Structure formats: structure tokens, C-alpha cells
Amino acid sequence: MVATQTGTGRSNQKRRTRTALVDAARELIASGGEMTMPAVARAALVSEATAYRYFPDLPSLIGEALAGVWPPPAEALAPVADSTDPAERVAFACEFLLRGVLLRQGAVRAMIAATITRPEEATARPGIRFGLIDYALAPLEGTLGTSDPEAFAQLKRDLAVTVGAEALFTLTDLCGLDPDDAVASAVRTAATLTEAAVRAAARG
């Protein structure tokens with residue numbers, strides 16, 4: 001009985017430690033604070049070595065911390081749910097995503113940096129953009145998606161480049177745009193790509 005209670009106590013402690021790390025990461029994400037494993041460990045009041053026992057790397061910790069933070073695509077795009085204009089829907093999806101990235105950019109930058117240097121960790125990234133793009137382009141499923149599946153797939157790939165944190169940070173960091181102008185630029189590009197694909201499909 002004592003051994004069972006001891007085992008249960010250890011399990012509960014492990015659960016509390018893991019929860020403390022995830023909660024600390026979420027708080028740092030929300031505050032825009034520095035996103036490193038040592039910073040999260042300090043905020044969770046544990047050692048860095050302990051943090052690494054629970055999460056092998058920063059992307060896995062950030063991934064768990066972000067789980068459930070982003071709403072599902074249908075909820076995110078509810079304001080344009082009745083629109084049949086793919087460009088309008090894509091523009092809304094792009095702005096929604098990029099505004100969310102700005103709110104969480106410390107974590108997003110840390111995730112990108114980690115997965116660039118370790119490409120095998122790229123699957124740890126949430127990939128929110130893909131669900132948003134798919135949902136935004138739903139009106140094209142029965143038209144372009146049926147008449148020219150490859151063109152439809154190419155549009156999704158084009159949008160994946162535009163509707164994402166990397167594009168946003170290129171515009172702010174390298175092009176010198178302020179965040180609002182950067183978002184507006186990416187939204188225009190995403191809408192233009194979509195409109196061009198729709199026009200090309202209409203010409204047949």
C-alpha cells in the first residue's frame with residue numbers, strides 16, 4: 001500500500017511539473033517574453049535539466065503550449081462563413097493568422113529558429129495556416145478543385161508561402177514595414193493570388 005501511494009505521489013508530482021512548464025510557456029507566449037528553455041524553466045521554478053526531462057526540445061514544449069490556443073478554422077473564419085468570394089475569405093484568413101502571429105511572435109520566432117536549424121523538428125510546428133487556407137478556399141472545391149486539381153493545389157502552395165509567419169517577418173524585419181503595413185501587404189498579396197487563380201479558371 002505504501003509503495004502504491006509513493007508511486008501515485010510521484011505520478012502526481014510529474015503531472016504537476018509538466019503542467020507548470022506548459023503553463024509557464026503559455027504565460028511567456030502571452031506576454032511576448034523571451035522564449036527559451038531556460039526562461040521557461042525559471043518561470044516554472046524548476047531547473048533547466050528538469051525541463052529537458054519533460055520536453056526534449058523547445059519546439060515540443062511550444063507545440064504543447066500552443067495546443068488549443070488557436071481556434072479551429074470554422075470558428076476563426078466565422079465572420080466570412082457566408083461569403084462565397086474566395087479572395088475575401090482568404091484575405092480574412094491571412095489577417096487572422098498574421099495578427100495571431102504578432103501576438104505570439106516570441107514563441108513563433110523561437111519555433112521557426114529551432115526548426116530551421118533542425119528540419120527534422122518541422123513537424124512540431126502547428127501548421128495553422130493549412131487548415132485556414134483549406135477552409136477559406138472551400139468555395140473553389142467544386143469549381144477549380146474539380147476542373148483543374150493541380151492549379152488548385154498550386155494556389156494552396158502559393159498561399160502557404162504568403163499566409164505565414166515567415167512572410168510577415170520578411171516584411172517587418174527585412175523590408176522595414178511596421179506590423180500593420182506588413183499584415184496589409186500580405187493580405188493584399190494573398191487576395192491577389194486567389195483572384196488571379198479564379199480568373200484563370202473562369203477563362204478555362
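Any residue in the stretch 87-107 that is aliphatic (A, V, I, L, M), over 15 Å from the mean Cα position of the chain (by Cα), at pLDDT 95 or above and assigned to a loop (DSSP other than H, G, I, E, B)? Can you show your working first?
So the first thing to find is which residues in the stretch 87-107 are aliphatic (A, V, I, L, M), and the list is 87, 90-91, 93, 97-98, 101-103, 107.
Cutting the leftovers down to over 15 Å from the mean Cα position of the chain (by Cα) gives us 87, 90-91.
In the following step, the residues that additionally are at pLDDT 95 or above were identified as 87, 90-91.
In the following step, the residues that additionally are assigned to a loop (DSSP other than H, G, I, E, B) were identified as none.
No, that holds for no residue.
As an exercise: evaluate ILE133 against (1) under 16 Å from PHE92 (Cβ atoms); (2) open to solvent by 80 Å² or more (accessible area, probe 1.4 Å); (3) among the β-branched types (Val, Ile, Thr) and give the number of the one condition it does not meet. Among (1) under 16 Å from PHE92 (Cβ atoms); (2) open to solvent by 80 Å² or more (accessible area, probe 1.4 Å); (3) among the β-branched types (Val, Ile, Thr), the lone unmet condition for ILE133 is (2).
Among all positions in the stretch 40-59, there is at least one residue which is over 21 Å from ARG118 (Cα atoms), open to solvent by 70 Å² or more (accessible area, probe 1.4 Å) and among the charged types (D, E, K, R). Taking (1) under 12 Å from the mean Cα position of the chain (by Cα); (2) surrounded by 14 or more Cβ atoms within 10 Å (Cβ to Cβ); (3) not acidic (Asp, Glu) in turn, GLY68 satisfies each apart from (2).
Residue count for the stretch 136-162 satisfying the condition of being open to solvent by less than 40 Å² (accessible area, probe 1.4 Å) and not in a helix (DSSP H, G or I): 1.
Take GLY127 and tell me if it is small (Gly, Ala, Ser), within 21 Å of the chain's Cα centre (by Cα) and surrounded by 15 or more Cβ atoms within 10 Å (Cβ to Cβ). Steps first, answer last, please.
Working: small (Gly, Ala, Ser): yes; within 21 Å of the chain's Cα centre (by Cα): yes; surrounded by 15 or more Cβ atoms within 10 Å (Cβ to Cβ): no.
No, not satisfied.
Condition (residue is within 17 Å of ARG109 (Cβ to Cβ) and of a type in the set (Ser, Thr, Tyr)) applied to the stretch 138-154: is it met by at least one residue?
Within the stretch 138-154, the first condition is being within 17 Å of ARG109 (Cβ to Cβ), and the residues that meet it are none.
Checked the stretch 138-154: no residue is within 17 Å of ARG109 (Cβ to Cβ) and of a type in the set (Ser, Thr, Tyr).
Of all residue pairs spaced 6 or more apart or on separate chains, those with beta-carbon atoms under 6 Å, a first member in the stretch 137-162 that is of a type in the set (Asp, Glu) and a second member that is at pLDDT 95 or above and open to solvent by less than 70 Å² (accessible area, probe 1.4 Å) are ASP158/LEU193. The residues of the stretch 160-204 that are of a type in the set (Asp, Glu) and under 22 Å from the mean Cα position of the chain (by Cα), listed by number, are GLU166, ASP173, ASP178, ASP180, ASP181. With respect to being over 21 Å from GLY127 (Cα atoms), hydroxyl-bearing (Ser, Thr, Tyr) and not in a helix (DSSP H, G or I), THR50 falls outside the description.
The values are calculated or read from the model by the stated rules, or taken from the named source; none is laboratory data. Keep in mind that this is a model prediction, so the values were computed, not measured. A quick note on method: Cβ atoms are made from the backbone with ideal geometry, for glycine too, and the neighbour counts reach across all protein chains shown. Ligands, DNA and RNA are stripped out before the accessible areas are found, and what is left, the full protein with its side chains, is counted by its heavy atoms. Shrake-Rupley method; radii C 1.70, N 1.55, O 1.52, S 1.80 Å.
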